[in-house]
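Visitor: Below: one structure in structure tokens.
The values are calculated or read from the model by the stated rules, or taken from the named source; none is laboratory data. The structure presented is a predicted model; accordingly, all values stated were derived computationally and were not measured. Glycine also receives a Cβ, built like all others from the backbone with ideal geometry; neighbour counts cover every protein chain displayed. In case anyone asks, the SASA skips ligands and DNA or RNA and just uses the protein heavy atoms, side chains included. Shrake-Rupley method; radii C 1.70, N 1.55, O 1.52, S 1.80 Å.
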Amino acid sequence: AMLLNIALIVFGWRRYRDLSEQVAERSLAEEKARHLAETDPLTGCLNRRSIGPAIDAMVSECAERGELVAVMMIDLDNFKRLNDSNGHAAGDAVLREASFRILSQLPKRAQLARLGGDEFACALPFEPHRAETVAQIAAKLIETVCLPIAFEGTLLEGISLSIGLARSDLMPGRADLASELQHMADIAMYNAKK
């Protein structure tokens, strides 16, 4: 009887350990699937599907803190020409480097998404008395992202940015503020491209 009890305890312990490992593996797989569903595989930024909820969350968080939110839509000008003349590998390198450079200029709590192709969106919080900070960040983005990009021993040049900007302090009292910010920033970006 004693040997049977010991065997049952060993079996139970092994079964518990196996189930714990399976639960941990499943949790990791679910987290990886969630990450893949929310991010752009090329740049590691958020994707089109996940930027809306991220902006919604930022608007709510900033409202509680007494901060405002700015949304920038960013389009890489001349990207198609560069991609067509240098190949898709060069285009991918430009997109990765552009996203890295954009992120390097954004404040810590900002969110960046690649919407597709050569278009990005970012949301950033700012203090009400420091609205000029947003314009300074946009100017720094233009200066930084437009620098030549090294790729396979050559410099890829000619990229410029069109940026559209919308700020929550210019649209007070909107129930759907996050989507309205995206829409207005998109309109501003297309005006900038013209």
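Visitor: Just checking, which of 54, 98, 63, 93 is in a helix (DSSP H, G or I) and open to solvent by 60 Å² or more (accessible area, probe 1.4 Å)? Walk me through how you get there before you give the answer.
Guide: Numbers: 54 fails: open to solvent by 60 Å² or more (accessible area, probe 1.4 Å); 98 fails: open to solvent by 60 Å² or more (accessible area, probe 1.4 Å); 93 fails: open to solvent by 60 Å² or more (accessible area, probe 1.4 Å).
When all the criteria are applied, what remains is 63.
Visitor: List, please: which pairs have Cβ atoms under 8 Å, are six or more places apart or on different chains, and start with a residue in the range 1-25 that is free of Cβ contacts under 8 Å to residues at least 40 places away in the same chain and end with one that is acidic (Asp, Glu) and open to solvent by 80 Å² or more (accessible area, probe 1.4 Å)?
Guide: none
Visitor: If residue 112 satisfies every condition in (1) open to solvent by less than 70 Å² (accessible area, probe 1.4 Å); (2) farther than 18 Å from residue 53 by Cβ but one, which is the exception?
Guide: So the condition that residue 112 fails would be (2).
Visitor: Just give me the residues in the range 139-194 being hydroxyl-bearing (Ser, Thr, Tyr) and outside any helix (DSSP H, G or I), in sequence order. Walk me through it before giving the result.
Guide: Taking the range 139-194 and keeping what is hydroxyl-bearing (Ser, Thr, Tyr), we get 144, 154, 160, 162, 168, 179, 190.
Passing the criteria: 154, 160, 162.
Visitor: Still on this model: When the range 66-90 is examined, which residues are found to be in a strand (DSSP E or B) and surrounded by 18 or more Cβ atoms within 10 Å (Cβ to Cβ)? Working first, answer last.
Guide: Just the residues of the range 66-90 that are in a strand (DSSP E or B), to begin with: 68-77.
Scanning the range 66-90 gives 68, 69, 70, 71, 72, 73, 74, 75, 76.
Visitor: Another one. Test residue 121 against the criterion of being in contact (Cβ under 8 Å) with a residue 12 or more places away in the chain, aliphatic (A, V, I, L, M), surrounded by 16 or more Cβ atoms within 10 Å (Cβ to Cβ) and not in a strand (DSSP E or B), and give yes or no. Working first, answer last.
Guide: Numbers: in contact (Cβ under 8 Å) with a residue 12 or more places away in the chain: yes; aliphatic (A, V, I, L, M): yes; surrounded by 16 or more Cβ atoms within 10 Å (Cβ to Cβ): yes; not in a strand (DSSP E or B): no.
In short, no.
Visitor: Select, from 19, 3, 8, 46, the only residue that is of a type in the set (A, V, I, L, M, F, W, C) and within 30 Å of residue 155 (Cβ to Cβ).
Guide: Values: 19 fails: within 30 Å of residue 155 (Cβ to Cβ); 3 fails: within 30 Å of residue 155 (Cβ to Cβ); 8 fails: within 30 Å of residue 155 (Cβ to Cβ).
Result: 46 is the single residue among 19, 3, 8, 46 that is of a type in the set (A, V, I, L, M, F, W, C) and within 30 Å of residue 155 (Cβ to Cβ).
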